[in-house]
Protein chains: 2
Amino acid sequence: MDRNAPVGVFDSGVGGLTVAREIIRQMPGERIVYFGDTARLPYGSKSQDTVLRYSRQIIRFLITKEVKAIVIACNTASAYALETVEKELDIPIIGVIRAGARTAVRATRNGKIGVIGTEGTISSGIYTDVMKAMRPDIEVTGKACPLFVPLVEEGLLHDSVTDEIASRYLSVLKGRFIDTLVLGCTHYPLIRSTLKRLMGDQVTLVNPAYETAIELKELLEERGMAGDEDFGGGEKYQFYVSDLAEKFTAFATSILPEQVKETRRIAVEEY
Amino acid sequence: MDRNAPVGVFDSGVGGLTVAREIIRQMPGERIVYFGDTARLPYGSKSQDTVLRYSRQIIRFLITKEVKAIVIACNTASAYALETVEKELDIPIIGVIRAGARTAVRATRNGKIGVIGTEGTISSGIYTDVMKAMRPDIEVTGKACPLFVPLVEEGLLHDSVTDEIASRYLSVLKGRFIDTLVLGCTHYPLIRSTLKRLMGDQVTLVNPAYETAIELKELLEERGMAGDEDFGGGEKYQFYVSDLAEKFTAFATSILPEQVKETRRIAVEEY
């Protein structure tokens, strides 16, 4: 395996760019091939079978790009597909859930953790299962927040409507006296300040995107697979989507530290 | 062509059931095969190429069910695909846009019409083009309302948040003094009372679902293709989706006049 091969990162759309951004910040020597499934998003309201089928197609595409490792930068796909696809692959693959869960379990003082995410992520119960396996006495309350993604995509990051919806979603978590809240969807860090204000200073917010980049770094270093900064030519960051490449380029440029020059559209269902 | 063959009706998800409901009410002698593309919804934020490819796959599936005519019960797919696919087919196919546009042009008194819909429908400009072809002096103002579909799907049909978002979206239309408003997305009739209250009694709301069923009825009668009530066995209404069949069955039962017994899931991308 070539240590300077790229890392594959995928998501249902743009949300996973928050994970790519952390990888770029924490591992400037790594190349990235990113895929966003913009023709079939969102994943959060779809079934496990469908999300698994879509994830397998994307992984087959990433393998054609000779990636050395894969990051599922989508909570729903991590919840529904990781356990199955990791058995089918020869290269390491990680999701965003275990790293976020581990950090939350370490952070909590009173043992009460809240998790917010899509309907798929929350109804899968995966955060609860993973955290209870790490520490059985922990109390986990999950809450699906299906309007957060459309509100973020509509740009209402600081808006009275987002405040009102967030306040309704979070009330059940406040009632359980949680002291740690996992942002279990990659869009949610974009409304972090609203969530922080509503939950109060005593509640720690955990962003799995950040923790996942750390996990990737450790994994690559352990296996002697970390990339060099001089990777010797080629595009350092490549972006692929299944639809609306130009819109993706504009969005990616706005949240990544570097200008994105080009996004290519592919027919992912053919993989 | 068998006059008792079913009519094919498709949408990106459940919204087109408002069209199916009107067909059932107005044409009790017709059989229906309905397809909802729940694995790839929504269509409103996707590109023309993608929506056209998805529509062709669905049409190929409906043709295997030997439908005698097809209704595109989705404004975005009508905007992006109808003109192309009607040239490729031997059976009649209609969308929801022309019937809605014709009714709006007849209803307006001051010649100022508003259209609300998804980003895809509004940015296509199709309602404006169709209405101006019918009456060139008409003034059409389109407004994309991307949060309405998620708000409806979250069940916030009568809610202060929906009021607030609707009030923002509609303000530009009120400022243009429209007297007729086209509900250019099949989900919107479900928040009709909110829209009516905000726009006021002097504004006529046009529901293309209703008008499309009338157009279908006229078309089938003209061609001698209207079904008999005694269609002789088989399931009268068949429902197919690409994901989450049980959730669809529950939703369809809540809005159709008859209990839906079963929804079948198919792999539509293989057609």
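The values are calculated or read from the model by the stated rules, or taken from the named source; none is laboratory data. If you're wondering where the values come from, they're calculated on a predicted model, not measured in any experiment. Cβ sites come from the backbone with ideal geometry, for glycine too, and all protein chains shown count toward neighbours. In case anyone asks, the SASA skips ligands and DNA or RNA and just uses the protein heavy atoms, side chains included. Shrake-Rupley method; radii C 1.70, N 1.55, O 1.52, S 1.80 Å.
Tabulated data for the structure shown
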| read-out | value |
| --- | --- |
| Sole residue being within 10 Å of chain A (Cβ to nearest Cβ), part of a loop (DSSP other than H, G, I, E, B) and in contact (Cβ under 8 Å) with a residue 24 or more places away in the chain, chosen from B:42, B:28 | B:42 |
| Checklist (1) within 30 Å of residue B:163 (Cβ to Cβ); (2) without any contact (Cβ under 8 Å) to a residue 24 or more places away in the chain applied to residue A:166, failing item | (2) |
| Residue within region B:192-201 that is within 14 Å of another protein chain (Cβ to nearest Cβ), under 21 Å from the mean Cα position of the chain (by Cα) and either under 30 Å from residue A:143 (Cβ atoms) or open to solvent by 30 Å² or more (accessible area, probe 1.4 Å) (or both) present | no |
| Matching residues in region A:134-184 - criterion: being within 14 Å of another protein chain (Cβ to nearest Cβ), open to solvent by less than 30 Å² (accessible area, probe 1.4 Å) and in contact with a Phe, Trp or Tyr (Cβ under 7 Å, 6 or more places away or on another chain) | A:145, A:148 |
| Sole exception among (1) over 26 Å from residue A:130 (Cα atoms); (2) of a type outside the set (Gly, Ala, Ser); (3) open to solvent by less than 20 Å² (accessible area, probe 1.4 Å) for residue A:17, by number | (1) |
| Breaking point among (1) touching a Leu at 6+ places or on another chain (Cβ under 6 Å); (2) closer than 22 Å to residue A:9 by Cβ, for residue A:170 | (2) |
| Among residues of region A:193-232, those that are of a type in the set (Gly, Ala, Ser) and farther than 24 Å from residue A:10 by Cβ, counted | 4 |
| Those residues of region A:218-271 which are within 14 Å of chain B (Cβ to nearest Cβ), part of a loop (DSSP other than H, G, I, E, B) and without any contact (Cβ under 8 Å) to a residue 60 or more places away in the chain, in sequence order | A:267 |
| Residue check for residue A:170: touching a Gly at 6+ places or on another chain (Cβ under 6 Å) and closer than 21 Å to residue A:120 by Cβ | no |
| Residue tally, condition open to solvent by 10 Å² or more (accessible area, probe 1.4 Å) and either assigned to a loop (DSSP other than H, G, I, E, B) or within 14 Å of chain A (Cβ to nearest Cβ) (or both), over region B:45-66 | 10 |
| Those residues of region A:68-101 which are within 14 Å of residue A:1 (Cβ to Cβ), open to solvent by less than 10 Å² (accessible area, probe 1.4 Å) and touching a strand residue (DSSP E or B) at 6+ places or on another chain (Cβ under 6 Å), in sequence order | A:69, A:70 |
| Unmet criterion (only one of (1) open to solvent by 20 Å² or more (accessible area, probe 1.4 Å); (2) at negative phi) for residue A:244 | (2) |
| Residue in region B:108-120 that is within 14 Å of chain A (Cβ to nearest Cβ), under 30 Å from residue A:169 (Cβ atoms) and open to solvent by less than 50 Å² (accessible area, probe 1.4 Å) present | yes |
| Members of region A:131-150 that are modelled with pLDDT of 95 or more and hydrophobic (A, V, I, L, M, F, W, C) | A:131, A:133, A:134, A:138, A:140, A:144, A:145, A:147, A:148 |
| Helices (runs of 4 or more DSSP H) contained entirely in region A:74-144, each with at least 1 residues that are farther than 22 Å from residue A:62 by Cβ, in contact (Cβ under 8 Å) with a residue 40 or more places away in the chain and of a type in the set (Val, Ile, Thr) | A:97-107, A:119-124, A:126-134 |
